[in-house]
1. Sorted by accessible area (1.4 Å probe), largest first, how do A:PHE18, A:PHE104, A:PHE85 line up?
2. Positive end of the dipole of chain B, charges at C-beta (+1 Lys, Arg; -1 Asp, Glu), about the Cα centre: which of B:ILE121, B:VAL72, B:ILE19 has its Cα farthest in that direction?
3. Accessible area of B:SER48, 1.4 Å probe, to the nearest 10 Å²?
4. Would you work out the charge dipole size for chain B about its Cα centre, treating the Cβ of every Lys and Arg as +1 and the Cβ of every Asp and Glu as -1, and quote it to the nearest 20 debye?
5. Relative contact order of chain A, please, whole-number percent, based on alpha carbon pairs below 8 angstrom and at least 6 residues apart.
6. Whenever you get a sec, line up B:GLU66, A:GLU117 from highest to lowest accessible area (probe 1.4 Å, protein heavy atoms).
7. Helix-only estimate, please: 222 nm mean residue ellipticity of chain B, summing -39500 (n - 2.57) across DSSP H runs of length 4 or more and dividing by its residues, to the nearest 500.
8. Of the candidates B:GLN110, B:GLN18, B:GLN119, which one comes out as most mobile in a Gaussian network treatment of chain B with C-alpha springs shorter than 10 Å?
Amino acid sequence: MRRRGLIWACRIAIAGIFLAAGIPKILDPHGFAVAVYRYQMLPPFAVNLVAIYLPWLEVLAAFAILWPKTARGSAGILVLLLAVFTVAIAANLVRGIDISCGCFSVAEGSARIGWEEVVRDLAFLALAIIAALDPAPRRRG
Amino acid sequence: MTEPANSTPGRPLPLVAQIAIVVALTLACGTAANLLSPRRIAWFEDWSRYIETRALAERIPLATAEQAHRFVSAGSHLVLDARPLPDFEDGRLPGAHSVPYDDREAGLAQVQMFLTPAQPILTYCSGASCDESLLLTLHLRDLGFTNLVLFAGGFDAWRAAGFPVEGGP
């Protein structure tokens, strides 16, 4: 029961985080495209495609993680996204590229990336990994 | 008789199906939103020209490397480097002042003795993929400066043209 409660608490938390992250990007696709461009990690042709589809992936996975039929698959998607985001931020910090995160806001003056964003994303990753666990593992025998 | 382990209501779908559903909905919603929304963006865009395109849209004059060299040689423009300070210290246009966009207020305070509203100002950063010089130029325009020129090619284009560099190892 405790395991089930912890897993569902993590699912609800991760759903809230990704709804907060995805909705502003859906409302300002050009602003998010600029943020993606500034990461300088994608070929130019991919920037707008990521800006169009990534926010919807975040929002829909956030809803799907709350439905038992799709919870674990959605959590897996969010684990993968968080791993990619963490690597992207860390890579740009190592490269010395000073940009806005674009994580929860696409405004040009929004929070610049720093190692605290990496730590934050690793914490979210831990939540997402717990959210991906099976709340009712099958008993042997 | 015991119930099958996976017979509870809300039994999960196979993992592949779960992921496929979310991805399919993503493609459908993203496509529909970008077709119908007034905020839609182009499916593909030439980001290699983003800075120039936006500068032109904002009516910010652009300078080539040769023009920037003439301004620097003549001393006609106050040259502002929008890159982070370590990059400025590693090498810069001759006579440039460091005004990192992320710390622009402190940087501008260092050059305030040169600043009048009509002072010709040339801004630059690292190159075509760095838009901080554009952002600094727009900030200066918001502050009331009227004689602004953006060197979009930046330090990379300056060095590629073989022009002299100040500072560095």
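1. I get A:PHE104, A:PHE85, A:PHE18, largest accessible area first.
2. B:ILE19
3. 60 Å²
4. 520 debye
5. Here the relative contact order equals 35 percent.
6. Reading off the accessible areas and sorting them downward yields B:GLU66, A:GLU117.
7. My calculation for chain B gives -12500 deg cm²/dmol from helical runs alone.
8. Judging by the Gaussian network model, the answer is B:GLN18.
The values are calculated or read from the model by the stated rules, or taken from the named source; none is laboratory data. Note that the structure is a prediction, hence the values are computed from the model and not measured. Ideal geometry is used to build each Cβ from the backbone, glycine not excepted, and the neighbour counts take in all protein chains shown. Surface accessibility is based on the protein's heavy atoms, side chains included, excluding ligands, DNA and RNA. Shrake-Rupley method; radii C 1.70, N 1.55, O 1.52, S 1.80 Å.
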